[in-house]
Amino acid sequence: MYTVQKLARLAGVSARTLRYYDSIGLLTPQKNESGYRLYGSVEIDRLQLILFYRELGFGLQDIAKLLDDPDFDETEALIGQRKLLLEERSRLDLLITNVEKTISTKQGESRMANHEKFEGFKKQLVDDNEAAYGKEIREKYSNAEVDRSNAKMLGMDQEQYEAFKSLEQEILEKLEHAVKEGKSEGILGQEIADLHRQWLGFTWGSYEPKAHAGLAEMYVADERFAAYYEKAGEGAAQYLRDAIIAYTDKLNE
């Protein structure tokens, strides 16, 4: 059995952190007759999972829901964590290689092809999207469709990648002004919807108005999508959804 101080040293966390986890019910220790907190193998294993998920960016509330789920399988969770960690290692290895090639190029020891300069950034973008929205997108559009989209993203050359990011920024900037206007079916709203269609073209294999409209609905239904576009102003996600629906309705006429 471990006391708070001993477990804190073992796990590399502070005693205050362990006490906080206890106060919110995330990691509840055993108590001896004197009322001292003690941690056994069960608590140690749970702390290991908590720290794993913290490293992967999970919030404490999400970790608690996950670990307290009656269907939670610790072995399956560890297998899933290993997969995520291997993906993160792959991304970091790619970024490290990118930096090393850049240093070598700057020192005149080698030359770096333009397309190599953006490999790490594209991989990170794909990985971040998978982590944030992968489950929902794959359920809606199928694994094959999402894999094709990711492959298209990773296959972009420098010019395409820069155009993709530039168009994304242009949409947000125009959306900021359009929300104040409040006419999603107007000229500006429809221009934004068309820019959004062009933006999707960088990663979609083919364009379908129905799929575009379905994605727009997710921008409102899912708070994570909504939060991204709300950076352009309150109501921006709703405005974009309405603009896209009006746009796709015209295409279907």
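The values are calculated or read from the model by the stated rules, or taken from the named source; none is laboratory data. What you see is a predicted model; the values in this text were computed from it and never measured. Cβ coordinates were reconstructed from backbone atoms using ideal geometry, including for glycine residues, and neighbour counts include every protein chain displayed. Remember, those area values only see protein heavy atoms, side chains included, never the ligands or the DNA or RNA. Shrake-Rupley method; radii C 1.70, N 1.55, O 1.52, S 1.80 Å.
When all protein chains stay in place, what accessible area (Å², nearest 10, 1.4 Å probe) is found for residue 183? The value for residue 183 is about 130 Å².
For region 233-248, 3J(HN,Hα) computed residue by residue from phi via the Karplus equation (6.51, -1.76, 1.60; θ = phi - 60°) reads x, 4, x, 5, 5, 5, 4, 5, 4, 5, 5, 5, 4, 4, 5, 6 Hz, glycine and proline entered as x. Using a 7 Å offset from Cα along Cα-Cβ at residue 228, what residues in region 158-173 end up with backbone N under 20 Å from the label point? Flagged as within label range: 160-173.
Would you kindly find the accessible area of residue 200, with a 1.4 Å probe and non-protein molecules such as ligands, DNA and RNA excluded, rounding to the nearest 10 Å²? Counting only protein heavy atoms, residue 200 exposes about 10 Å² to solvent.
Taking Cα centre as origin and charging only the Cβ of basic (Lys, Arg, +1) and acidic (Asp, Glu, -1) residues, the dipole magnitude of region 180-253 rounds to 140 debye.
Output the direction-averaged projected area (hull surface divided by four) of the convex hull of the alpha-carbon atoms of region 12-57, in nm². The Cα convex hull of region 12-57, projected and averaged over all directions, gives 3.5 nm².
Label zone (residue 208, point 7 Å along Cα-to-C-beta; backbone nitrogen cut-off 20 Å) within region 222-253: 244-253.
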